[in-house]
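S.K.: One structure follows; several queries about it will come next.
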Amino acid sequence: MSAHGDAGTPGTARAALFDLDGTLIDSEPRSRALWRRLFAGHGIDCGEDMLDGFSGRRSREVIEEHLVRFGRHATADQVREELTALNGEPDLPPVRLVPGADRLLERLRRGGVALAVVTSGGRSYADDHLTRCGIGGHFTTVVTAEDVTHGKPHPEGYLLACRRLGVAPGEAVVFEDSAAGLQAGRRAGARCFAVGRAARKPALCRLADHAVEDLARAPVIGPADTDASRRRAGTGGAG
């Protein structure tokens, strides 16, 4: 892996696969506040270590894991409905685009890199936030919780995205901010970038091939960039 927080050496990719929460959009403050509110409503203490374990995972799986704590008559569907209702409360922190995300997406598209989102969130959640943040048009496909049987750290979502884009996993790079997501990308066979806050955490950096805090500095180029460089080199050599 490259040095902690270092952009590393550029590499060519045919596809770039992005996690959504914490990678493209800054939803972490909202997500943590939402989970705290859900658990507090049932008198359950929800500490930072517990919240860290939720990162990158589907809400359904988190709820099923902790369902017994909500009482013996609670069902996973009931708790999920409560979580959905709480998400509509107006005093939760807002969701914002991660700085540098739009510049990286524009650069990769110009370079001929196919783009996809692979998220543990639901379809309506992903579509809503991609549209609100103005980046939905960049992506050829969006893989959500409804599209897979197994959530992260299982590689199913990333493998499905590669099939939809028509690329081999080894031709793709994955951008992630959680342990579950990085493990999923590596198990799929893609090169992985730990980004944002993950690039500042040694334990997460060890799961990645590269670490970069600023998305705009991610050292990835596309086939079109490579072809242009070869043409320039050929022109220079002919002179």
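S.K.: Which is in the same structural domain as residue 21 (by TED's automatic domain parsing) and over 15 Å from the mean Cα position of the chain (by Cα), of 51, 108?
M.R.: Going through 51, 108 in turn, just one is in the same structural domain as residue 21 (by TED's automatic domain parsing) and over 15 Å from the mean Cα position of the chain (by Cα): 108.
S.K.: Tell me, which helices (runs of 4 or more DSSP H) wholly within segment 1-120 include 1 or more residues that are of a type in the set (Asp, Glu), in contact with a helix residue (DSSP H, G or I) (Cβ under 6 Å, 6 or more places away or on another chain) and at pLDDT below 95?
M.R.: 59-66
S.K.: Looking for something touching a Pro at 6+ places or on another chain (Cβ under 7 Å) and over 16 Å from residue 152 (Cα atoms) - is there at least one such residue anywhere in segment 163-171?
M.R.: no
S.K.: Going through segment 170-195 one residue at a time, which ones are of a type in the set (Asp, Glu) and surrounded by 24 or more Cβ atoms within 10 Å (Cβ to Cβ)?
M.R.: Those that are of a type in the set (Asp, Glu) and surrounded by 24 or more Cβ atoms within 10 Å (Cβ to Cβ): 176, 177.
S.K.: Could I ask something else about it? Which helices (runs of 4 or more DSSP H) does segment 152-239 wholly contain that include 1 or more residues that are modelled with pLDDT of 95 or more?
M.R.: Per the criteria, 156-165, 179-188, 202-205.
S.K.: Output the residues belonging to segment 56-68 that are more than 25 Å from the chain's Cα centre (by Cα) and exposed (fewer than 14 other Cβ atoms within 10 Å of the Cβ).
M.R.: Selection gives 68 alone.
S.K.: Given (1) free of Cβ contacts under 8 Å to residues at least 40 places away in the same chain; (2) over 11 Å from the mean Cα position of the chain (by Cα), identify the lone condition not met by residue 193.
M.R.: (2)
S.K.: Let me ask something else. Could you look through segment 18-40, keep only residues that are under 8 Å from the mean Cα position of the chain (by Cα) and not acidic (Asp, Glu), and pick out the one that is nearest to residue 98 (Cα to Cα)?
M.R.: 24
S.K.: Let me ask something else about it. Here are some residues: 88, 41, 100, 137. Which one is in contact (Cβ under 8 Å) with a residue 12 or more places away in the chain and surrounded by fewer than 17 Cβ atoms within 10 Å (Cβ to Cβ)?
M.R.: Exactly one residue qualifies, and that residue is 41.
The values are calculated or read from the model by the stated rules, or taken from the named source; none is laboratory data. No experiment lies behind these values; they were computed from the predicted model shown. Every residue, glycine as well, gets a Cβ built from its backbone with ideal geometry; the counts of neighbours run over all protein chains shown.
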